[in-house]
Every structure is written in C-alpha cells, then in structure tokens.
Amino acid sequence: MKKIENLVFTLILMGIVLLVYFNIDEISTFFSNYLLSQRKVILKDTNIYKRDFNYITFNTNEDFVPYTKEEIKNIYFNILNNGWDTFTFYCPKEYNECLNDVEMLGNDEELMSKINDYVHPFNSFSEINTLISSNGEIIVNTSFKYTNDKIGKINEIVNEQYENLDLKNKKAIDQISLVHNYIINNVEYDEDAAEKKYSPYDSTSSYGALVEGHAICSGYADAMAIFLDKLNIPNIKVSSGNHVWNLVFIDNKWLHIDLTWDDVEIDRYKNNYFLITTEKLMQQDTAEHNFDKTFFKEAV
C-alpha cells in the first residue's frame, strides 16, 4: 500500500514539474506581474527649493506611474523639482513600451537639459543617470550642480541684497528691475569662458555671477532665477542652442528678460531685453534666441 502511495506521489510531483516546465513563461510572467503590482513608489520629503507652480509643460500633480512619454518627462521634472538625489519608480505592465521610452528619454541630453530649466537652480543637475531593470524598476540618480557650500555663500549674498535693495516693500516689476540692475552692475561677462578658454571663475553658475563677479549667460540666468524664487515670482529659464535667459510670470503673462544681452549692450541701461514679449524678442534677435517653441510652451 505504501509503495502505491509513493508511486502516486511521484506521479503527481512529475506532473507538477512537467506542468511548470511547459508553462514556465506564463508562470514567470504571472509572478512578475504580481510582484510588480505589489511594489509601491516611496515618496521622500521634498527640499525647500521645490517650486509649486504648475506650468503648461509640467505639473507637480504626479503619481509617478507613467503610461505615456509625456508622463515620463513629468516624472523626471518632479524628481528634479523635489530635489531628490535618487528616486525609484516602476513601469506598469499595461505600458508595453515603457522601458524603451524611459531609456530613450533618460538618455536624451538635450531634453534633460531643458527639463533642468524648469526647476530652481539649486535643484538642477550636473549629471543625471537612469538605471533600468528588465523587471520594470527604474532608478534615477542625480548629481546636483551646486554644492551645499556654494549654496550657503550664494544665499548670504541674496539675503543681504534682499535687505539692501529693500525688495520686500516693492512691487514685483520694481523688484525685478532692482535685481536686474544689481546683477549687471556687479557681474562682468566672462569672455574667456564664453570662448571655451581657461577661466578661473565658475562662470556657468550663479556662484560665478554673485560670488566671483564673472559669468556667462547661464550664470546670469541662474542668479536672476534665484532672486525671483526668493521673491516668489514664477519663472523658468529658456534655452536655445547656445544661449540661456529668463522667462518671468508677471501681471498674468510670461515675459522674457535677458540680463546677459542687457549687460553687453553698448547702452547697458536701455533694457532692450527687460520684460519683453516673445514677439518683441523675435523682432530684436532670432539667432541667439531661437528657442524650441514646442517645448517652452509658456513662452509662446
């Protein structure tokens, strides 16, 4: 009797093994999908430089489960906007091309640079890497452009000038004007950095502009953006192939302000590029300011 029981048990076990063997792909997919469905995105605390303004291009209402390319882009924006140095999200099983789309978008340096333009300079990256697993796990690692030491020194100057210029008690347009004039009066355009020669200054950042007194366009734009955020004035940077400037939301409209060009103009105080419309910007220059209007929708 025991031999019969052992034989039956062996046959059942063999049947199970054969069933698993011939259906291994389906079983693997089932458990993979099940495990994927059980994984939850862990949201960390945001830092103090997060922007809460919902732009046309991006928004902060994000559940971090993408179903389209646009939602993947929005996840990258929120990772940077929240100041996260590392973040993990998952591709849902319903989105068949998700992994391919993440790989394509995450490796698009031009796109990532444009997304950088929408976040506070202190949350912008110097390097961003995406690790993709076949099981749908996506890990994004960010190295920030500004060190804590540089942020501290920049904030000292910003806070000092906030008091010196009496910005608290001014209208928004007067605040912007005072900051604009302060920056162009205290920053020298770094020709060597612009021409890709050796420069001892951190000219691509607001540290070069505000602490060292030398900058190129990205340094001017970062400096202005930091003041604008201090003043709670919505803003982004706009970039073309080789130039960067600011876009400011004031009086319910978006207007351009280019400190670099105002600073290097022969008549520095004519303010040809101070709070102007896109139409006027294009009338004055289309070479350096020929930005992607399909991406920077606020500027259109």
### Message
Scan the range 98-108 and tell me whether some residue there is within 30 Å of GLY241 (Cβ to Cβ), under 14 Å from the mean Cα position of the chain (by Cα) and outside any loop (DSSP other than H, G, I, E, B).
### Response
yes
### Task
Could you tell me which numbered condition SER126 fails, if it satisfies all but one of (1) of a type in the set (S, T, N, Q); (2) under 21 Å from VAL238 (Cα atoms); (3) out of contact with any strand residue (DSSP E or B) (no Cβ under 7 Å at 6 or more places or on another chain)?
(3)
#### Entry: Near pairs, Cβ below 9 angstrom, 6+ apart or cross-chain, from the range 67-89 (within 19 Å of GLU127 (Cβ to Cβ) and modelled with pLDDT of 95 or more) to any residue that is part of a helix (DSSP H, G or I) and among the polar types (S, T, N, Q)
LEU80/ASN116; LEU80/ASN123; ASN81/ASN123; ASN82/ASN123; GLY83/ASN123; TRP84/ASN78; TRP84/ASN123; PHE87/ASN78
### Query
Which of (1) under 28 Å from PHE77 (Cβ atoms); (2) in contact with a Leu (Cβ under 7 Å, 6 or more places away or on another chain); (3) of a type outside the set (D, E, K, R) is the odd one out, the single condition SER218 does not satisfy?
(2)
### Query
GLN161 fails exactly one of the following numbered conditions: (1) surrounded by 20 or more Cβ atoms within 10 Å (Cβ to Cβ); (2) in a helix (DSSP H, G or I). What is the number of that condition?
(1)
### Query
Looking at (1) of a type in the set (A, V, I, L, M); (2) buried (at least 20 other Cβ atoms within 10 Å of the Cβ); (3) not in a strand (DSSP E or B), which is the only condition ILE128 fails?
(3)
#### Entry: Scan of the range 194-232 for residues that are in contact with a Pro (Cβ under 9 Å, 6 or more places away or on another chain) and closer than 13 Å to LYS150 by Cβ, ordered by number
SER205, SER206, GLU212, ASP222, ALA223, ILE226
### Task
Name every residue in the range 284-300 that is touching a strand residue (DSSP E or B) at 6+ places or on another chain (Cβ under 9 Å) and either assigned to a helix (DSSP H, G or I) or exposed (fewer than 11 other Cβ atoms within 10 Å of the Cβ) (or both), in order of residue number.
GLN284, GLU298, ALA299
### Task
Kindly indicate the residue of the range 199-209 that is part of a helix (DSSP H, G or I) and touching an Asp or Glu at 6+ places or on another chain (Cβ under 8 Å) and also nearest to ASN232 (Cα to Cα) among those meeting that condition.
SER206
### Query
Quick one: ASP202 ticks every box in (1) among the acidic types (Asp, Glu); (2) modelled with pLDDT of 95 or more; (3) within 21 Å of HIS289 (Cβ to Cβ) bar one, so which box is it?
(3)
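Listed here are the residues, each with its yes/no results for (1) acidic (Asp, Glu); (2) free of Cβ contacts under 8 Å to residues at least 60 places away in the same chain; (3) in the same structural domain as ASN81 (by TED's automatic domain parsing).
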site: ASP229; (1), (2), (3): yes, no, no
site: ASN235; (1), (2), (3): no, yes, no
site: LEU247; (1), (2), (3): no, yes, no
site: ILE257; (1), (2), (3): no, no, no
site: THR260; (1), (2), (3): no, no, no
site: ASN271; (1), (2), (3): no, no, no
site: THR278; (1), (2), (3): no, yes, no
### Members of the range 165-198 found to be in a loop (DSSP other than H, G, I, E, B) and either among the acidic types (Asp, Glu) or in contact (Cβ under 8 Å) with a residue 40 or more places away in the chain (or both), listed by number
ASP166, VAL187, ASP190, GLU195
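The values are calculated or read from the model by the stated rules, or taken from the named source; none is laboratory data. In this text the structure is predicted, and so the values were computed from the model without any measurement. Glycine gets a Cβ as well: all are built from the backbone with ideal geometry, and neighbour counts include every protein chain shown.
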